[in-house]
Amino acid sequence: MHRIMLREVIIDAPATDVEAVTRFWSGALAATPHPIPGEPFTALRDAASLPHVATQDIGDDPTPRYHLDIETDDLEAEIARLEGLGATVRTRHADYAVMVDPVGLPFCLLPPVSAEFETRAKTV
């Protein structure tokens with residue numbers, strides 16, 4: 001058994017549009033944008049939302065989309081569980097995985113980093 005928690009909704013936008021998307025979603029969710037140094041992410045702090053929200057510069061990829069970040073305290077077990085539900089690993093890294101659901105929508109599995117994990121994660 002291990003624990004999981006949906007941590008974040010990421011709004012992926014091409015480099016040419018990420019500034020406008022960040023400005024829009026910051027306004028829409030009454031949030032303050034905070035670029036993450038050295039990363040393609042901008043956190044939308046204090047957003048009017050339950051999960052954390054961020055934008056991501058996806059460079060030359062022309063396809064805007066949303067993806068979810070899910071925290072887990074057992075990456076291997078969660079990959080296996082989600083594969084059993086129909087997900088597929090797209091890219092495997094040492095400490096996280098990029099997966100797609102049965103219709104090809106991307107999401108990431110990450111180790112726990114949020115303060116909420118201890119109190120909000122569910123055992124699966």
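Which of the residues spanning the stretch 11-43 are part of a strand (DSSP E or B) and within 26 Å of Val103 (Cβ to Cβ)?
Within the stretch 11-43, Ile11, Asp12, Ala13, Phe41 qualify.
Can we say Leu85 is out of contact with any Gly (no Cβ under 8 Å at 6 or more places or on another chain) and closer than 22 Å to Val124 by Cα?
yes
Among residues of the stretch 84-120 being touching an Asp or Glu at 6+ places or on another chain (Cβ under 7 Å) and surrounded by 16 or more Cβ atoms within 10 Å (Cβ to Cβ), the one that is modelled with the lowest pLDDT is Ser114. With respect to the conditions (1) surrounded by 13 or more Cβ atoms within 10 Å (Cβ to Cβ); (2) without any contact (Cβ under 8 Å) to a residue 24 or more places away in the chain; (3) touching a strand residue (DSSP E or B) at 6+ places or on another chain (Cβ under 8 Å), Thr32 falls short on a single one, namely (1). For the stretch 52-69, a residue qualifies if it is surrounded by 15 or more Cβ atoms within 10 Å (Cβ to Cβ), under 24 Å from Ala115 (Cβ atoms) and either of a type in the set (Gly, Ala, Ser) or out of contact with any Cys (no Cβ under 7 Å at 6 or more places or on another chain) (or both), and the qualifying residues are His52, Val53, Ala54, Thr55, Gln56, Leu68. Restricted to the stretch 70-95, and to residues there that are of a type outside the set (A, V, I, L, M) and assigned to a loop (DSSP other than H, G, I, E, B), the residue that is nearest to Thr119 (Cα to Cα) is Asp73.
Selection over the stretch 40-62 of residues that are of a type in the set (A, V, I, L, M) and farther than 11 Å from Ala30 by Cα gives a count of 5.
Given the criteria farther than 28 Å from Val124 by Cα, polar (S, T, N, Q) and either in a loop (DSSP other than H, G, I, E, B) or in contact (Cβ under 8 Å) with a residue 40 or more places away in the chain (or both), does Thr63 qualify? Answer is yes for this residue. Look at the stretch 103-118: where a residue is farther than 12 Å from Asp69 by Cα, no partner that is surrounded by 16 or more Cβ atoms within 10 Å (Cβ to Cβ) and polar (S, T, N, Q) sits 6+ places away or on another chain with Cβ atoms under 7 Å. For the stretch 71-83, the criterion of a residue being closer than 29 Å to Ser26 by Cα, crowded, with 16+ Cβ neighbours inside 10 Å and either of a type outside the set (S, T, N, Q) or out of contact with any helix residue (DSSP H, G or I) (no Cβ under 6 Å at 6 or more places or on another chain) (or both) is satisfied by at least one position.
The values are calculated or read from the model by the stated rules, or taken from the named source; none is laboratory data. None of these values were measured; they are calculated from a predicted model. FYI the Cβ positions are ideal-geometry reconstructions off the backbone, even for glycines, and counts take in every protein chain you see.
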